Amino acid sequence: MPKLTLKSVAVAGALTGFICLSGLPQTAMASDMTVQQFLTLGQNIPRNRAAAMLKPETRRLIGEVTSSVRTVKSEQAAAENAGRTPRHCIPASGTGITPEALVARFETMPEARRRVSVTQAIRDWMVERYPCGG
């Protein structure tokens, strides 16, 4: 298990509950934010959750992850609706991603791999975590 750094604890603390947020607009689309940009933006987020939520950077990171998860889940639904086997089979109960696990995974990615979008990184993780039985 990767060792969590002060930076990762701060980012993870600020992102607690990101997947279950419902206050974000349903039309939010994942941007092209890279994993490296995500980690860089999260570096200076305070560890205190209340203080972190006052920072626009926190809301941006929460929005990025929420939109990315929504995009990946909609890709799965579209494939299923079209009668194709999706690349991943995320259960209806959710992704099971914790903020701590997300940040730890991003921090352990090789530098070159951190150039991928947050959406692609989550997509790849879901393929690995929830492969569809064939």
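Things worth noting here:
- Pairs, first closer than 11 Å to VAL72 by Cα and polar (S, T, N, Q) in segment 112-130, second part of a helix (DSSP H, G or I) and open to solvent by less than 40 Å² (accessible area, probe 1.4 Å), C-beta under 6 Å, six or more apart: THR119/SER68; THR119/THR71
- The listed residues are GLY17, GLY42, and the only one of them that is small (Gly, Ala, Ser), modelled with pLDDT of 60 or more, open to solvent by less than 70 Å² (accessible area, probe 1.4 Å) and out of contact with any strand residue (DSSP E or B) (no Cβ under 8 Å at 6 or more places or on another chain) turns out to be GLY42.
- For segment 52-105, the tally of residues that are closer than 18 Å to SER31 by Cα, open to solvent by 20 Å² or more (accessible area, probe 1.4 Å) and either touching a residue at least 12 places away in the same chain (Cβ under 8 Å) or among the basic types (Lys, Arg) (or both) stands at 7.
- No other residue among ARG70, ARG59, ARG115 is within 16 Å of the chain's Cα centre (by Cα), within 21 Å of ASP32 (Cα to Cα), modelled with pLDDT under 95 and among the charged types (D, E, K, R) apart from ARG59.
- Filtered residue count, segment 79-134, keeping only those that are part of a helix (DSSP H, G or I) and of a type in the set (Val, Ile, Thr): 6
The values are calculated or read from the model by the stated rules, or taken from the named source; none is laboratory data. Just so it is clear, the model here is predicted, and its values are computed rather than measured. No Cβ is skipped: glycine too gets one built from the backbone with ideal geometry, and neighbour counts run over all protein chains shown. For the accessible areas, the whole protein counts, side chains as well, though only heavy atoms, and no ligand, DNA or RNA atoms are used. Shrake-Rupley method; radii C 1.70, N 1.55, O 1.52, S 1.80 Å.
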